[in-house]
Amino acid sequence: MDLVLDGAVVLVTGGIRGVGAGITKVFLRAGATVVTCARNEPEQPLEADGRTAEFLKCDVRDADQVGTLIETIVDRHGRLDAVVNNAGGSPFALAADASPKFHAKIVELNLLSPLLVAQAANAVMQKQDTGGSIVNISSVSGSRPSPGTAAYGAAKAGVDSLAQSLAVEWAPKVRVNSVVVGLVETEQSHLFYGDKAGVAAVGETVPLGRLAQPEDIGHCAAFLASPLSAYVSGSTLTVHGGGERPAYMAAAETKETK
């Protein structure tokens, strides 16, 4: 069952593929006017239930482009009710081997960019009678070891801290929260887990028995953007299917079977 967000104007950064596409589709089904942005235009516009997301080209690392993005949305629609800071990610690179420039770029995309977007959105939301909601898409990598993506994990930990601080600074008009995401099955899952059998095997390590679908994350983001979460701010909503079974359990089971 989808939430009802008729009339709401929502920005989803990086909302054209993967988790971002799932979030965009959930908001479209909820009746929101959805604007997505990315550095490159998608081959086809995202649609759901006969509704189509708008697209605006923007590099969220660039303050001027972000300012233009928010201004364009307000010029077109008169308001901005919610922002989902989804743009981010990192290629695999061991911390000892990656260059300082690589680490700086990862932190810029995953921590400083959400702050840029949030600042621009807050300036608009503070002037609105109904304020607004900002949802940061974070990761379990911010609260557990993240070998191969250390800078990414550190940036996501920063995103969660940022949400807590901004929730205090920008209250009561603007609510700020994080969705802490675990393993998700997307069109790029094969790059990390192999074929369908590999994806299924990884899913079996999750207590709920499967990887998340992008829409699972979208439903949580939509809840935090909606009036149903009117008293939720500065929080982290963990969406990881129960997490990961402790390694000692697998070790103990192996020992018992010998």
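The values are calculated or read from the model by the stated rules, or taken from the named source; none is laboratory data. The structure displayed is predicted, hence computed values, not measured ones. Note that each Cβ is placed from the backbone with ideal geometry, even for glycine, and that neighbours are counted across all protein chains shown. Note: areas computed on protein heavy atoms with side chains; ligands, DNA, RNA excluded. Shrake-Rupley method; radii C 1.70, N 1.55, O 1.52, S 1.80 Å.
For first residues located in segment 125-141 and within 15 Å of Gly158 (Cβ to Cβ), partners that are among the charged types (D, E, K, R) and at pLDDT 95 or above and lie 6+ apart or on another chain with Cβ distances below 6 Å form the pairs Ser138/Lys156; Ser138/Asp160; Ser139/Lys156; Ser141/Lys156.
Candidates Ala154, Ala120, Ala93: the one that is farther than 30 Å from Ala53 by Cα, in contact with a Gly (Cβ under 8 Å, 6 or more places away or on another chain) and assigned to a helix (DSSP H, G or I) is Ala154. Of the helices (runs of 4 or more DSSP H) entirely within segment 182-258, those holding at least 1 residues that are open to solvent by less than 60 Å² (accessible area, probe 1.4 Å), in contact with a helix residue (DSSP H, G or I) (Cβ under 8 Å, 6 or more places away or on another chain) and modelled with pLDDT of 80 or more occupy 196-203, 214-225. The single condition among (1) open to solvent by 20 Å² or more (accessible area, probe 1.4 Å); (2) within 21 Å of Gly218 (Cα to Cα); (3) free of Cβ contacts under 8 Å to residues at least 40 places away in the same chain that Asp81 does not satisfy is (3). In summary, Ser138 fulfils each of the numbered conditions (1) in a helix (DSSP H, G or I); (2) open to solvent by less than 20 Å² (accessible area, probe 1.4 Å) with the single exception of condition (1). Selection of segment 98-138 for residues being of a type in the set (S, T, N, Q) and either modelled with pLDDT under 95 or within 17 Å of Val60 (Cβ to Cβ) (or both) yields Asn110, Ser113, Gln119, Asn122, Asn136, Ser138. Being without any contact (Cβ under 8 Å) to a residue 60 or more places away in the chain, of a type in the set (Gly, Ala, Ser) and open to solvent by 50 Å² or more (accessible area, probe 1.4 Å) holds for only one residue in Ala171, Ala95, Ala118, Ala157, and it is Ala95. Out of curiosity, is Val74 crowded, with 23+ Cβ neighbours inside 10 Å and either of a type in the set (A, V, I, L, M, F, W, C) or in a helix (DSSP H, G or I) (or both)? Against the criterion (crowded, with 23+ Cβ neighbours inside 10 Å and either of a type in the set (A, V, I, L, M, F, W, C) or in a helix (DSSP H, G or I) (or both)), Val74 does not qualify.
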